[in-house]
């Protein structure tokens, strides 16, 4: 018999609006014995069934829902169906050569990320309950991809996020099964990259910007381009592939810059693309003092805030880099700017960019607004959309006249 989690009267609004979480302060009582990571049933204050999830009372997110049906049997068939649905969705929406196969709550497998880089899978497990189901899920992924003619030669785990400690789990990185070369070559938008799945950020590469990188191509032919927070050179190399005459990519990580240079050579772009290891906040004022101007400036920073408590400081950071970036764009040139923080809402991000433009007396003509690639689906609810995080703008920057 599963334990039952009862919601307090008036609570569980996010869950009832389509969300996947029950927070500790929403729970009236837990009836029955359980161990953390095990399956429980959830009911409203009046006993109305809300579904099945797994529990961890060490976490503020105490229950993560797997199904909205009471007493759902979570077995191999259930997990196979979830995996097949996730992969079939990608087959219809994205190029599957490299993509995110499973995106946690948005694919109804909360706390789990699985990325596919060519013939390698990289998994990140962030919740105790899903960690217990992980072997069956990965087996189902491998079997279905094989059936579709996309065999997988190896799996690497990158479960090194700090949130695991809140779940009572230690960080873990390493091979699941046989070892393989962790530098994996992928091709995206016709650009080749070596992705280091063991040492790169997150799971090795930022797949969510795939189509945003392609969106800058029309702006880049013959252009002088500055790519800030370049990581392993993704926007910079797309600019070169689109015909940019000169590209400078900047990142604070020596490892990332080294990998970016390697990727430039891999594509034969080393004559037009250079990379510099520097703090972007320090470099942009220096470039301004030197009188540098660019046709296209790309700002793709890491998340400046991962909680509501630090949003004010994040606003200052986004305003500063956008202000500095605009100053480096020649009149009539383009600014491509984004935020990957869930807590920096679209409204707040837009307002911050507008303030930066006003401060430097620039007019912005919006070319395009985009978000994360379809393999990072945004699950709509009438409450807060936890899976929506990436905002990407392209603006033409015009001097005040």
- Task: Extending each Cα 7 Å along its Cβ direction at residue 192 and residue 172, get the distance between those two points in nm, one decimal.
- Result: 3.5
- Task: Run the numbers on the range 277-348 and let me know its relative contact order in percent, using alpha-carbon pairs under 8 Å that are six or more apart.
- Result: 45
- Note on the structure: One finds the C-alpha centres of the range 198-262 and the range 305-345 to be spaced, in Å, by 18
- Task: Any chance you could give the angle, 0 to 90 degrees and rounded to 10, that helix 280-289 forms with the longest Cα principal axis of the chain?
- Result: 20
- Query: Among 130, 102, 74, which one moves the most in a GNM of the chain with springs linking Cα atoms closer than 10 Å?
  - Reply: 74
- Report relative contact order for the chain in percent, whole number only (criteria: Cα-Cα under 8 Å, sequence separation at least 6). 11
- Query: What's the angle, to the nearest 10 degrees (0 to 90), between helix 254-267's Cα axis and the longest principal axis of the chain?
  - Reply: 70
- Computed from the beta carbon distance with a Förster radius of 30 Å, FRET efficiency for residue 25 and residue 199 to the nearest 0.05 stands at 0.20
- Multiply the residue separation of residue 153 and residue 360 by 0.36 nm, subtract the distance between their alpha-carbon atoms, and state the gained length in nm to one decimal. 69.3 nm
- Degrees separating the helix 128-147 axis from the principal Cα axis of the chain, which is the longest one: 70
- Quick one: compute the contact order of the range 76-180, relative version, from alpha carbon pairs under 8 angstrom and 6+ residues apart, as a percent. 22
- How would you classify the range 3-67 from its alpha-carbon gyration tensor, with a ≥ b ≥ c the square roots of the eigenvalues: rounded for a/c under 1.5, else prolate if a/b is greater than b/c, otherwise oblate? rounded
- If R0 is 45 Å, what FRET efficiency do you get for residue 33 and residue 118 from their C-beta distance, rounded to 0.05? 0.50
- Message: Helix-only estimate, please: 222 nm mean residue ellipticity of the chain, summing -39500 (n - 2.57) across DSSP H runs of length 4 or more and dividing by its residues, to the nearest 500.
- Response: -9000 deg cm²/dmol
- Query: Using mean Cβ contacts within 10 Å as the protection proxy, how do 230-240, 52-62 order, highest first?
  - Reply: 230-240, 52-62
- Task: With r as the distance between the Cβ atoms of residue 97 and residue 271 and R0 = 41 Å, compute the FRET efficiency 1/(1 + (r/R0)^6) and round to 0.05.
- Result: 0.90
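Read the figures in this text as sums done on the coordinates, not as results from a lab. What you see is a predicted model, and the numbers here were worked out from it, not measured in a lab. Heads up, the Cβs are rebuilt from the backbone with ideal geometry, glycines too, and the neighbour counts pull from every protein chain shown.
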